[in-house]
Amino acid sequence: MQINNNFSASYMASANKSRQNIAGDTKRTFSDVAVTKAEEAEGSEVRKKTSAVLDSIGSQAPDEVKQAWMEAEEETDAFFTVFGLYISKDGKHAHMTQMGIDRFIRWYRGEYNQDDLLGNSVGSAIKAVNKWIYDVDHPLAGSPARSREDQQLIMKEREFYEVFLDKLLKLSKKAPQT
């Protein structure tokens, strides 16, 4: 049996051309596609993800604390994952948050409430957020030097905590004193 060289050459040329049409025309990276898909997603999908995050860190938190979290996320364009990562708006950078580190430490120590970081009251949520802000401002000695991108993500994380804390403090002033 003899292989026809003309057939294989023409087949290879057409196969390469179709691959170029798939990948070469757009010249988009994975993160560009991810951002596009995220923008196309409905608001309800984002709410579902936010709800999953809140269920994982504040299962016993009051509804007003959860609402303050969602409002702070919306105001600061923050996006947190269930595992405590802060992901930049363009999807190209991720950063482990103090919230995620706190959750990991609780898991490591075997604490029962590792998934309930916000507690069951506005006061306990304020205490948790104050701790996270302190930890952002005072990294452990011996921590590696941070790149410029990491520093920017840390500042965005801190900005979110400040907005969230401000909303919680307003809630605590509105709450009836018993």
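The values are calculated or read from the model by the stated rules, or taken from the named source; none is laboratory data. The structure displayed is predicted, hence computed values, not measured ones. Cβ coordinates were reconstructed from backbone atoms using ideal geometry, including for glycine residues, and neighbour counts include every protein chain displayed. These area figures cover heavy atoms from the full protein model, side chains too; ligands, DNA and RNA do not enter into them. Shrake-Rupley method; radii C 1.70, N 1.55, O 1.52, S 1.80 Å.
Dividing the Cα radius of gyration by the Kirkwood radius, what Rg/Rh value follows for region 83-136? We get a ratio of 1.02 for region 83-136. Proximity of backbone amide H atoms, modeled 1.01 Å from N, is registered between Phe79 and Ile87 at under 5 Å, excluding neighbours fewer than 5 places apart on the same chain. Rolling a 1.4 angstrom probe over the protein heavy atoms with all chains in place gives region 60-178 an accessible area of 63 Å² per residue. In order along region 76-91, the Karplus-derived 3J(HN,Hα) couplings, from 6.51 cos²θ - 1.76 cosθ + 1.60 at θ = phi - 60°, round to 9, 6, 7, 9, 10, 9, 4, 8, x, 8, 9, 10, 5, 4, 7, x Hz, and Gly and Pro are given as x.
Ignoring ligands, DNA and RNA, what percent of the accessible area of region 91-136 is carbon or sulfur (1.4 Å)?
On the way: 1430 of 2650 Å².
On region 91-136, the fraction of accessible area on carbon and sulfur atoms equals 54 percent.
Under the √(5λ) rule applied to the eigenvalues of the Cα gyration tensor, what semi-axes describe the equivalent ellipsoid of region 63-178? Give them in Å, descending. If you can, show how the numbers build up before the last one.
On the way: eigenvalues 115, 63, 34 Å².
Semi-axes, largest first: 24, 18, 13 Å.
Within the accessible surface of region 138-178, defined with a 1.4 Å probe on protein heavy atoms only, the carbon and sulfur portion equals 55 percent.
For the listed peptides 94-100, 166-172, 134-140, a ranking on the average number of other beta carbons within 10 Å per residue, highest first, reads 94-100, 166-172, 134-140. In terms of overall dimensions, the C-alpha atoms belonging to region 119-171 reach 37, 19, 13 Å along their principal axes, ordered largest to smallest. Checking the cross-link pairs Lys92/Lys131; Lys27/Lys92; Lys127/Lys167; Lys131/Lys173; Lys92/Lys167 against a 24 Å limit on the alpha carbon distance flags Lys92/Lys131; Lys92/Lys167 as lying beyond it.
Karplus-derived 3J(HN,Hα) values for region 150-156, using 6.51 cos²θ - 1.76 cosθ + 1.60 with θ = phi - 60°, are 4, 4, 5, 5, 5, 5, 5 Hz; glycine and proline are entered as x.
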